[in-house]
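Let me begin by presenting the structure, written as structure tokens, before commenting on it.
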């Protein structure tokens, strides 16, 4: 039943850009009541809409999706890298409702963990979690002061719309300069020898303005991209990309 319902939704969604105006009208007729109901009853959805309206020009990924222990191989490799280094201060940029921070605690039992997310509801949920401990901080903006030993930026510098098959130019959705500016700002907060951990972005970290300061770490292994990647000119790349996910800062 769920499969058939999903197929029906996708079929109706295709009416949005149909040549026939009657189909387009049907799409909006069916969509509006559903969206109103979702806005009234779904707090997570409502927070995404409000974030888009109030802070859309500063936001990156707007979807709240997250799961615990989502990147075990990456987290394990980072913990091994820092095996003898204590204490540590780690940043989860775009932490959603805190699952990444809570997962990092498993690998870094003594670190100070900072979770940042522009969505205010996400931060309230994280702060209220029973998994939060005294060495965790959650906030909607990057703290004004402080340097980090590792910055985790996972599935944040991207937009879902760029995964659609017909998106060949990301310039109007989430342009390269937005990605590059944020990477540069985060680089300023990362200590020499620290790790910039990034995955599921719309652009290659190697294309960022600060990339020359970094070397990729080959553990965990590179990951073959199964989603679109765009170049500096916002054009979809047709070249296969083996994605390094952990980069060591070697210069300031």
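Sorting the segments 170-182, 230-242 by their residues' average number of neighbouring beta-carbon atoms within 10 angstrom, most packed first, yields 170-182, 230-242.
Classification of the range 112-199 by its C-alpha gyration tensor yields an oblate form. The axis ratio a/c (a ≥ b ≥ c) is 1.5 or more, and b/c is at least a/b. How much length, in nm to one decimal, is gained on full extension between residue 231 and residue 120, taken as 0.36 nm per residue of separation minus their Cα-Cα distance? The residue 231-residue 120 span can extend by a further 36.8 nm. Sorted on the mean count of surrounding Cβ atoms within 10 Å across their residues, most packed first, peptides 120-126, 132-138 read 120-126, 132-138.
One decimal place: the segment residue 242-residue 160 gains 27.5 nm when fully extended, by the rule 0.36 nm per residue minus the C-alpha distance.
Computed extension length for residue 181-residue 67: 38.3 nm, one decimal, from 0.36 nm per residue of separation with the Cα-Cα distance subtracted. According to the square roots a ≥ b ≥ c of the eigenvalues of the Cα gyration tensor, what is the shape class of the range 187-233, taking rounded for a/c under 1.5, prolate for a/b larger than b/c otherwise, and oblate for the remainder? The shape class here is oblate. Per residue, the convex hull spanned by the alpha carbons of the range 64-113 comes to 65 Å³. Label-to-label distance, residue 217 versus residue 76, with points set 7 angstrom from Cα along the beta-carbon direction: 1.5 nm. Here the label points at residue 224 and residue 134, each 7 Å from Cα along the C-beta direction, are separated by 4.9 nm in the simple model.
We did not get these values from a lab; they are worked out from the coordinates using the rules stated. Quick caveat, the model's predicted, so the values are computed rather than measured. In this analysis, Cβ positions are derived from the backbone assuming ideal geometry, glycine residues included, and neighbour counts consider all displayed protein chains.
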